Amino acid sequence: MTLRRLLVLVTVIGAGLAVVFGASARQNPAAPTPAPAWSNDQLTALPGDDWIAAHGNIMNQRHSTLTEINRDNVKNLKIAWRTKLVIPGVKAAVGALGTFAESSPVAYQGTLYMPDSNNNVWAMDATTGERIWVNRSKYAKGFVPVFPNRGVTIADGKVYLADSDASIRAIDQATGRTVWKHTYFDWKQGYYFTAPVTYYRGLLITGTSGGDSGAPARVIAVNAKTGKRVWTFNAIPTKKSDPGYSSWPLHRAWVGGGAIWNVATVDPALNNVYLQVGNPVPYEGVTRGPGKELFTESVVALSATTGKLKWYFQETHHDIWDYDPTNSNILFDLTINGKMRHGIANAGKTGWVYILDRQTGKPIIGIPEKRVPQDPKSHTYPTQPIPVGEPFANQCASPAWKNFKPKVGGTYRIGCLYTPYSDVRAGAFAPAALGGANWPPSSYDPSTGYMYICSKDSQSAWTAIPADKVKLKKLGDFSQVEGLTPAAKGPRTPDQTTTGRVVAMNLRTNRIAWQVKWPDMCYSGVASTDGGLLFVGRNQGQLMAYDSKTGKQLWQSPKLAAGVNAPPVTYMANGKQYVVVFAGGNGIATAFGGVKPFYGNSVYAFSLPTGANG
């Protein structure tokens with residue numbers, strides 16, 4: 001056999017094995033460089049040439065040290081390449097509100113890795129966008145992956161995806177073949193994963209979504225080499241021995257909740273892992289009885305080794321407004337009032353930033369409990385934690401609600417944050433369930449001390465369904481509350497217009513340093529750089545660049561093929577800096593953001609043309 005024929009035979013066999021193991025590859029792939037089992041220093045360092053974690057590092061700071069693209073030359077940015085994440089014959093998953101293209105890539109040594117809206121995982125050349133391999137998702141009969149996935153994690157030569165069938169799979173980084181896949185919960189009970197796993201000391205850590213589907217949320221850590229479960233934390237206490245059990249009513253009038261929508265954050269110095277736990281279900285409080293209902297609406301700190309609770313801070317007690325903290329926690333080190341503080345910041349749906357000491361969970365600037373309006377039928381909690389500082393979103397409903405009539409009769413109780421409602425009295429409040437901040441991740445620039453938030457101004461008017469009529473439907477819904485839906489030819493209600501903001505919050509004071517207001521909601525996420533830039537996407541299909549110190553707009557891309565509703569990342573490859581973003585659109589941005597359906601499946605990379613570096 002000649003050498004040439006032998007090489008052809010090896011190539012054919014290799015391609016066949018790739019198909020067998022669920023990976024489709026180009027004929028002569030340039031094998032990606034395997035990532036190491038990251039050290040703590042590598043995981044906490046600000047990203048530079050590479051972007052190795054879902055949010056840049058495990059402190060979730062989303063800030064790059066790169067400066068080739070800067071405030072002086074960003075006006076010259078051009079599209080360097082475009083890749084469509086399309087597999088012939090496979091349509092993008094579409095849910096009730098449309099598609100959810102919310103993922104962003106990680107970048108390492110010239111290769112990008114990311115999932116598409118069907119949770120197939122792609123490896124692409126970082127300089128050309130050329131596909132290297134695709135790992136195809138495989139599901140049980142009857143399962144449809146309609147829930148969003150927000151990225152992958154790389155470590156120890158593997159790519160890890162937490163999937164929407166409540167499984168995690170490990171993929172060989174060089175070949176795209178599945179190494180192992182384990183299912184940890186039953187998707188038929190409403191469990192699924194949305195957030196990328198966080199890699200730390202050989203563990204993969206994440207939490208379940210599906211709280212809105214009636215599934216009590218769990219946080220798990222699994223062995224990165226084998227997938228074997230190491231520990232579990234019950235975000236919703238289900239037995240008397242669980243911490244927080246006594247904070248629920250004795251008759252346990254809850255179905256589920258506590259969804260964990262975003263990436264876990266880790267402080268190796270304390271061996272703490274931090275997560276943000278979502279709302280209780282049912283949404284309304286008529287059926288639930290009184291109580292704080294821990295650990296919903298809370299930032300929790302767990303031992304990364306054992307999963308034991310170290311501390312918690314609840315942002316909203318007995319939530320009936322869907323004010324779950326869906327934005328990723330950010331760790332920061334900053335001098336505040338003359339003292340170096342090691343903090344954790346969470347941008348809430350309430351429109352407040354909650355700034356805490358990450359060792360103790362105690363407020364750094366101050367978050368006093370203050371009395372709020374009450375409705376006994378909904379068992380509202382008498383006080384709520386209100387941070388010292390300035391909100392980054394509107395917190396009061398429009399007086400125009402007086403022109404509309406709720407279904408239960410009477411008039412709307414029109415108010416601000418924490419305005420109650422029940423099954424006999426409607427309430428109009430702000431922010432709405434969309435929140436001030438939602439899942440689109442924020443960033444933090446150590447040089448300015450600013451936290452950059454993709455925010456929105458929203459409001460709602462709700463009435464609770466009577467307790468004897470509440471039925472949680474399969475896979476989540478808002479049937480426990482009802483809003484006002486006017487006739488097709490009637491006037492627009494105030495909650496049908498949601499506007500946006502890009503806000504820089506000074507974490508030294510918890511006040512706005514600058515803000516830019518948009519006529520449409522901000523629903524993408526941000527990334528900042530040492531080049532003095534802040535990148536953020538628009539629903540209409542543009543990627544924007546702002547001066548990170550002043551908020552001045554410096555550049556916008558041409559209109560892309562779909563809405564930019566995923567967070568951007570930046571990296572270096574072959575000596576050139578790129579900014580990359582997934583333009584796929586988003587059903588929520590379409591339904592509430594004031595734009596027509598604008599869906600697609602393209603990844604765009606931007607770079608400076610030769611000779612345009614300054």
Q) How high is the relative contact order of segment 393-432, given as a whole-number percent (alpha carbon pairs under 8 Å, six or more residues apart)? A) 42
Q. Can you work out the FRET efficiency for the pair residue 271 and residue 75, with r the C-beta to C-beta distance and R0 = 35 Å, to the nearest 0.05?
A. 0.20
Q | Estimated 222 nm signal from helices in the chain, with DSSP H stretches of n ≥ 4 weighted -39500 (n - 2.57), rounded to 500 | A | -1500 deg cm²/dmol
**Q.** FRET efficiency, residue 128 to residue 65 (Cβ-Cβ, R0 22 Å, nearest 0.05)
**A.** 0.35
(Q) Suppose each label sits 7 Å from its Cα in the direction of the beta carbon; what would the residue 492-residue 223 distance come out to in nanometres? (A) 5.7
Q.
Full-extension gain between residue 360 and residue 411, please, as 0.36 nm times their residue separation minus the C-alpha to C-alpha distance.
A. 13.9 nm
Q: Please list the radius of gyration and Dmax for the chain, considering alpha-carbon atoms only, with Å as the unit.
A: 23.5, 89
**Q.** About the Cα centre, charge dipole magnitude for segment 204-318 (Lys/Arg +1, Asp/Glu -1 at Cβ), debye
**A.** 540
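Using Cα pairs closer than 8 Å and at least 6 residues apart in sequence, work out the relative contact order for segment 234-373, in percent.
Value for segment 234-373: 19 percent.
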Q: Using a cut-off of under 16 Å, list every residue of segment 170-195 whose amide N is near the label point 7 Å from the Cα of residue 242 along the Cα-to-beta-carbon line.
A: 185-186, 189-192
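Using the per-residue mean of other Cβ atoms lying within 10 Å as a proxy for protection, in what order, highest first, do the peptides 406-415, 540-549, 258-267 fall?
On the way: 406-415: 16.4, 540-549: 21.3, 258-267: 27.6.
Per-residue mean Cβ counts within 10 Å order the peptides as 258-267, 540-549, 406-415.
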Q. So between residue 180 and residue 139, what do we pick up on full extension, going 0.36 nm a residue minus the alpha carbon distance?
A. 13.3 nm
Q. So how far apart, in nm, are the two label points at residue 424 and residue 556 if each is 7 Å from Cα heading toward Cβ?
A. 5.0
Q. Bin by bin, in steps of 5 Å, what percent of the Cα pairs in segment 523-610 do you find, going until the bin that has the longest distance?
A. 3, 15, 25, 23, 18, 10, 4, 1, 0
Q | Protection proxy ranking of 554-562, 328-336 - average other beta-carbon atoms within 10 Å, highest first | A | 328-336, 554-562
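Going highest first, how would you order 164-173, 361-370 by mean Cβ packing within 10 Å?
On the way: 164-173: 23.9, 361-370: 15.7.
Highest-to-lowest ranking by the protection proxy: 164-173, 361-370.
Which whole-number percent is the relative contact order of the chain (Cα, under 8 Å, 6+ apart)? Each step should come with its number before you reach the end.
Working: 1809 pairs, mean separation 85.8, N = 614.
Computed over the chain, the figure is 14 percent.
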Q | Cβ-based net charge around residue 377, under 10 Å, with every Lys or Arg adding one and every Asp or Glu removing one | A | -2
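Two decimals is fine: what's Rg over Rh for segment 98-215, C-alpha atoms, Kirkwood radius as Rh?
0.96
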Q: Round to the nearest 10 and give me the degree value, 0 to 90, for the angle of helix 3-20's Cα axis relative to the longest principal axis of the chain.
A: 10
Q: Go through 216, 235, 376 and say which Cα lies farthest out towards the positive end of the charge dipole of the chain; charges sit on Cβ, +1 for Lys and Arg, -1 for Asp and Glu.
A: 216
Q: Taking H placed 1.01 Å from N in the peptide plane, check which residues at least 5 places from residue 414 or on another chain put their amide H under 5 Å from its amide H.
A: 428
Q: Figure the gain on full extension for residue 37 and residue 396 (residue separation times 0.36 nm, minus the Cα-Cα span) and round it to one decimal in nm.
A: 124.4 nm
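Just so you know, all these numbers are worked out from the coordinates, no wet-lab data involved. Worth saying up front: this structure is predicted, and the values here are computed from it rather than measured. Note: ideal-geometry Cβ built from the backbone for every residue, glycine included; neighbour counts use all protein chains shown.
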